1. Please go through the stretch 291-328 and pick out each residue that is among the hydroxyl-bearing types (Ser, Thr, Tyr) and within 33 Å of the chain's Cα centre (by Cα).
2. How many residues are out of contact with any helix residue (DSSP H, G or I) (no Cβ under 7 Å at 6 or more places or on another chain) and in a helix (DSSP H, G or I) if we restrict to the stretch 153-167?
3. Identify all residues within the stretch 117-135 that are assigned to a helix (DSSP H, G or I) and surrounded by 12 or more Cβ atoms within 10 Å (Cβ to Cβ); write none if there are none.
4. Please determine whether any residue of the stretch 70-84 is surrounded by 13 or more Cβ atoms within 10 Å (Cβ to Cβ), under 26 Å from Pro176 (Cα atoms), of a type in the set (Asp, Glu) and in contact with a Gly (Cβ under 7 Å, 6 or more places away or on another chain).
5. Looking at the stretch 304-318, which of its residues are surrounded by fewer than 19 Cβ atoms within 10 Å (Cβ to Cβ) and in contact with a strand residue (DSSP E or B) (Cβ under 8 Å, 6 or more places away or on another chain)?
6. Give the residues of the stretch 276-300 that are touching a helix residue (DSSP H, G or I) at 6+ places or on another chain (Cβ under 7 Å) and at pLDDT 70 or above, sorted by residue number.
7. Tell me, which strands (runs of 3 or more DSSP E) wholly within the stretch 185-277 include 3 or more residues that are touching a strand residue (DSSP E or B) at 6+ places or on another chain (Cβ under 9 Å), surrounded by fewer than 17 Cβ atoms within 10 Å (Cβ to Cβ) and of a type in the set (Val, Ile, Thr)?
8. Return the residues of the stretch 308-327 that are modelled with pLDDT of 85 or more, outside any strand (DSSP E or B) and more than 17 Å from Arg348 (Cβ to Cβ); say none if nothing qualifies.
Amino acid sequence: MHPIRFRPFAFATCFVLAVPAWAFAADLAAVAAQPASAAATSGFDGVVEALHTTVVAAQVPGAIVQLGAKVGDRVTAGQVLVRIDARAADQNAAASDAQVQAARASLDVASKDFERQKQLFQKNYISQAALERAESEFKSTQAQVTAQLAQSGAARTQSGFYVVRAPFAGVVAEVPVALGDMAMPGRPLLTLYDPTVLRVTASVPQTVASRMAAGQVPRVELPGQPASGQWVVPLRVQVLPTADPGTHTVRLRADLPAGQAGVAPGMFARLWLQVPVSGANAPNAPLSVPSTSIVRRTEMTGLYVLDPNNKPVLRQVRLGRFEGDKVEVLSGLAPGERVVADPQAAARTR
């Protein structure tokens, strides 16, 4: 048998492995959580609306014989959208025109007869009463012509109702009718909106609206848009003067700039407001940390926070708004706590 020999370096190796891994956490780069500002940023859910939208309805009854637009089509002002069967209306208009021609013929006869009666009266061939009767007949015929002209114009106007045109340039949002359907007065034929003038409307609590700074312009978030068009600065903000008695909220309207591609009425949006708080260290003041320190694991969002022993501890937090390379922490973190900027290095030292 060979004698057992002990190797000194084996003990040295064991000694190194016995050192706790978190003892080197002091080398981790950490930043202190500080209030983002003296104002809390709050988001309020809203919806995109069109400033110019209309429901085009029928004014006369009749069968729909032509649909000039479908959902999603862009139309110009005055473009024909719907045609309703106008054969009966056209015949009435033609009959009114014929009555106007007949009345004008009668007026021509009455005018010539009145001229002759005046000449005869000047020669004392007829009496004053005969002249007055001729004048009365002439004026009566003249009034009949005026009435027939008005009736003919009304018939022509009525026949124009059978052709429905776009009141302004826009996009067709809805067409609830089909060819052959019966149009009735007041029945909607289609919905049209102008995509160049949109706004976001949100309900804001009265307490928040009263603390808004004068002239403050909120930021509009469009979550469904690409990153380049997700954040928009509105052109104008309007707070409606009335409040909802049930929810005690007021409506806030933010006009969007023109040219928002892919944005349509009914889409979800969010308004972010800066609400002043009582001091930067107030409990509801959001904290700001580097966005690189965020850890995401399945459904958990957290940060590595250094405890009093400089040991990194993973803690779940709730995030707010991203601003450049910073992110707001709404809950789960106290002011002054040290957050590890490199979460991968913290995971290796745990």
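1. Result: Ser291, Thr301.
2. At the first step, the residues of the stretch 153-167 found to be out of contact with any helix residue (DSSP H, G or I) (no Cβ under 7 Å at 6 or more places or on another chain) are 153-154, 157, 160-161, 163-167.
With in a helix (DSSP H, G or I) added as a condition, the list becomes 153-154, 157, 160.
Qualifying residue count for the region: 4.
3. Gln117, Lys118, Leu120, Phe121, Ala130, Leu131, Glu132, Arg133, Ala134, Glu135
4. First pass over the stretch 70-84, keeping only residues surrounded by 13 or more Cβ atoms within 10 Å (Cβ to Cβ): 73, 75, 79-84.
Checking which are under 26 Å from Pro176 (Cα atoms) leaves us with 73, 75, 79-84.
So of that shortlist, the ones also of a type in the set (Asp, Glu) come out as 73.
Next cut, in contact with a Gly (Cβ under 7 Å, 6 or more places away or on another chain) only: none.
Scanning the stretch 70-84, I find no residue that is surrounded by 13 or more Cβ atoms within 10 Å (Cβ to Cβ), under 26 Å from Pro176 (Cα atoms), of a type in the set (Asp, Glu) and in contact with a Gly (Cβ under 7 Å, 6 or more places away or on another chain), so the answer is no.
5. Listed by number, the residues that qualify are Asp307, Val313, Leu314, Arg315, Gln316, Arg318.
6. Ser293, Val295
7. Working: elements: 188-193, 198-205, 219-221, 236-243, 249-255, 268-276.
It comes to none.
8. Across the stretch 308-327, the qualifying residues are Pro308, Asn309, Val317.
The values are calculated or read from the model by the stated rules, or taken from the named source; none is laboratory data. In this text the structure is predicted, and so the values were computed from the model without any measurement. For neighbour counting, all protein chains shown are included, and Cβ atoms are generated from backbone atoms with ideal geometry for every residue, glycine included.
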